[in-house]
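Trainee: One structure, pasted below without further comment.
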Amino acid sequence: MANRTDPAAKSIRGTNPQNLVEKILRSKIYQNTYWKEQCFGLTAETLVDKAMELDHLGGTHGGNRKPTPFMCLVMKMLQIQPEKEIVIEFIKNDDYKYVRILGAFYLRLTGTDVDVYRYLEPLYNDYRKLRQKLPEGKFSLTHVDEVIDELLTKDYSCDIALPRIKKRWTLETLGSLEPRRSVLEDDFEEEEEKEENDQLDGLEEEAHEKQDYYRGRSPARERDRDRRRDRDRYRERDYDRDYDRDYDRERGRGRDRDRDRERDRDRDRDRDRDRDRDRYRLRDEKDYGRDRERDREWEGRERERRDRDRGRRRSHSRSRSRSKDRKDREGGEHRKRHARSSTSPRRRDGAEENGTREEPKKKKERKEKKEDGTDHPDPEIAEANRLRASLGLKPLK
Amino acid sequence: MIEVVLNDRLGKKVRVKCNEDDTIGDLKKLVAAQTGTRSDKIRIQKWYNVYKDHITLKDYEIHDGMGLELYYN
């Protein structure tokens, strides 16, 4: 029968490889016309031809969740179970990006942890565009490295629950993997050297840096841009994206790194996403720590204000230790800033935040004190409101 | 605030409290939180009408205590 797995195939994760795709989705694929027409009697060679014809990736779409041809081909690969060499060839090939993604997806489903990291991480350097079909039926733009990132960090992609793999730092401590080396590392080292040279000229630059802070960029980036105008365009792009990815997350801009170093280190170790972050941070700590010490007197206040607006978690710790100072120094002005900054239900711990929110809401005191109603007298409703807040919905009326 | 009952006829019967102006997509998220399935795997129907994600409960005239059918994608 056409839907049976190849009898010579090994079982994956203790079960028929086709069972990696769950029952409902599997039935949908078997009933799909693309599967019935094109995927009948495919072998590894003919599968490559079909894969080259792919032009989008995705899971299921539409009201009755129709699977994409990409899904059907993944299923076919699970059914015939090609050799590892073939899959690696799929990944290594440079010409057809959808063949690459197909191979990467299959390896993520069936490969061992070490293999997954070893073969998928080089694909981070591929920044080509991909077309992705969304569940609503529309197409969206994504990139190869974004998809790989999703495969390595999330546990659900293209409507298939990805098997659990060990976190990277676990494998590093076990010694099976080496710490991650990014391709951009050489560039970072050069940039560091330049920064060190710049710090000697320090003072003149501070005027510059002030502007940088206000614009919300890291000083390194500004300096990069000035100095590297004639560098490869595409490397700039990688920079920007890498910087965005790194700096936009909770890590922060390295301003009071020396203070939060211990805390950050522990936190970062626990997080799986910061695979390469340890490296960057170790290096950054040396540089930024030094720089900041000098600037501290000068720009301490302004930086705090800015950091509070931008970084959530960092200011969280800072507000606790420094709330008195800030109140004395800045009084009403800083309160105003706080009211303008975005708040989230999670940030109820800081005394500042509650103070500013309750002031405008004092008129509505007859209703719940907190915005999302999680302190409603009826415990059931309070519970429901807490769930709703975690999902991002407004409280019950 | 209304309470809607969702039944999948296979043993899962779920009562969910929600607002009338919540969309079906929000309702699916609440159901997913209670049942443990993913919200995009859930399909809410009434006889053969599959309810769409972007329309509110009020527009579908779903009232308090009404029963809906829970299916999976």
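Trainee: Which of (1) among the aliphatic types (A, V, I, L, M); (2) part of a loop (DSSP other than H, G, I, E, B); (3) within 14 Å of chain B (Cβ to nearest Cβ) is the odd one out, the single condition A:Leu54 does not satisfy?
Mentor: Tallying (1) among the aliphatic types (A, V, I, L, M); (2) part of a loop (DSSP other than H, G, I, E, B); (3) within 14 Å of chain B (Cβ to nearest Cβ), A:Leu54 fails exactly one: (3).
Trainee: Exactly one condition in (1) away from chain B (no Cβ under 14 Å); (2) under 30 Å from A:Leu57 (Cβ atoms); (3) surrounded by fewer than 13 Cβ atoms within 10 Å (Cβ to Cβ) is not met by A:Glu193; state its number.
Mentor: Only one criterion is unmet by A:Glu193, namely (2).
Trainee: So, in segment A:153-170, how many residues would count as being away from chain B (no Cβ under 14 Å) and touching a residue at least 60 places away in the same chain (Cβ under 8 Å)?
Mentor: 5
Trainee: Please count how many residues of segment B:34-49 are surrounded by fewer than 16 Cβ atoms within 10 Å (Cβ to Cβ) and either in contact with a His (Cβ under 8 Å, 6 or more places away or on another chain) or closer than 22 Å to A:Glu136 by Cβ (or both).
Mentor: So the answer is 5.
Trainee: Taking segment A:1-29 only, how many residues are assigned to a helix (DSSP H, G or I) and surrounded by fewer than 16 Cβ atoms within 10 Å (Cβ to Cβ)?
Mentor: Count: 4.
Trainee: Give all pairs with beta carbons closer than 6 Å in which a residue from segment A:102-116 that is closer than 13 Å to A:Ile88 by Cβ meets a residue that is charged (D, E, K, R); count only pairs at least 6 apart in sequence or on separate chains.
Mentor: A:Val116/A:Arg108
Trainee: Please enumerate the residues belonging to segment A:4-36 that are of a type outside the set (D, E, K, R), over 16 Å from A:Pro67 (Cα atoms) and more than 33 Å from the chain's Cα centre (by Cα).
Mentor: A:Thr5, A:Pro7, A:Ala8, A:Ala9
Per-residue answers, yes or no, for (1) within 11 Å of another protein chain (Cβ to nearest Cβ); (2) closer than 27 Å to A:Val21 by Cα; (3) of a type outside the set (Asp, Glu):
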{"site": "B:Val4", "(1), (2), (3)": "no, no, yes"}
{"site": "B:Asp8", "(1), (2), (3)": "no, yes, no"}
{"site": "B:Gly11", "(1), (2), (3)": "no, yes, yes"}
{"site": "B:Asp22", "(1), (2), (3)": "yes, no, no"}
{"site": "B:Arg38", "(1), (2), (3)": "yes, yes, yes"}
{"site": "B:Asp59", "(1), (2), (3)": "no, no, no"}
{"site": "B:Met66", "(1), (2), (3)": "no, no, yes"}
{"site": "B:Leu70", "(1), (2), (3)": "no, yes, yes"}
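Trainee: Does segment B:24-33 hold any residues that are more than 8 Å from every other protein chain (Cβ to nearest Cβ) and buried (at least 20 other Cβ atoms within 10 Å of the Cβ), and which are they?
Mentor: Across segment B:24-33, the qualifying residues are B:Ile24, B:Leu27, B:Lys28, B:Val31.
Trainee: Let me ask something else about it. Return the pair list, or none, for Cβ contacts closer than 6 Å from residues in segment B:44-64 that are touching a residue at least 12 places away in the same chain (Cβ under 8 Å) to residues that are in a loop (DSSP other than H, G, I, E, B), at least 6 apart or on different chains.
Mentor: B:Ile44/B:Tyr51; B:Thr56/B:Asp21; B:Leu57/B:Glu20; B:Leu57/B:Asp22; B:Lys58/B:Glu20; B:Lys58/B:Asp21
Trainee: Hey, another quick one. Among the residues of segment A:148-170, write down those that are under 13 Å from the mean Cα position of the chain (by Cα) and crowded, with 19+ Cβ neighbours inside 10 Å.
Mentor: Listed by number, the residues that qualify are A:Ile148, A:Leu151, A:Leu152.
Trainee: Let me ask another. Tell me, yes or no, whether segment A:128-147 has at least one residue that is in contact with a helix residue (DSSP H, G or I) (Cβ under 9 Å, 6 or more places away or on another chain), surrounded by 22 or more Cβ atoms within 10 Å (Cβ to Cβ), part of a helix (DSSP H, G or I) and modelled with pLDDT of 90 or more.
Mentor: yes
The values are calculated or read from the model by the stated rules, or taken from the named source; none is laboratory data. These figures come from a predicted structure and were not determined experimentally. For neighbour counting, all protein chains shown are included, and Cβ atoms are generated from backbone atoms with ideal geometry for every residue, glycine included.
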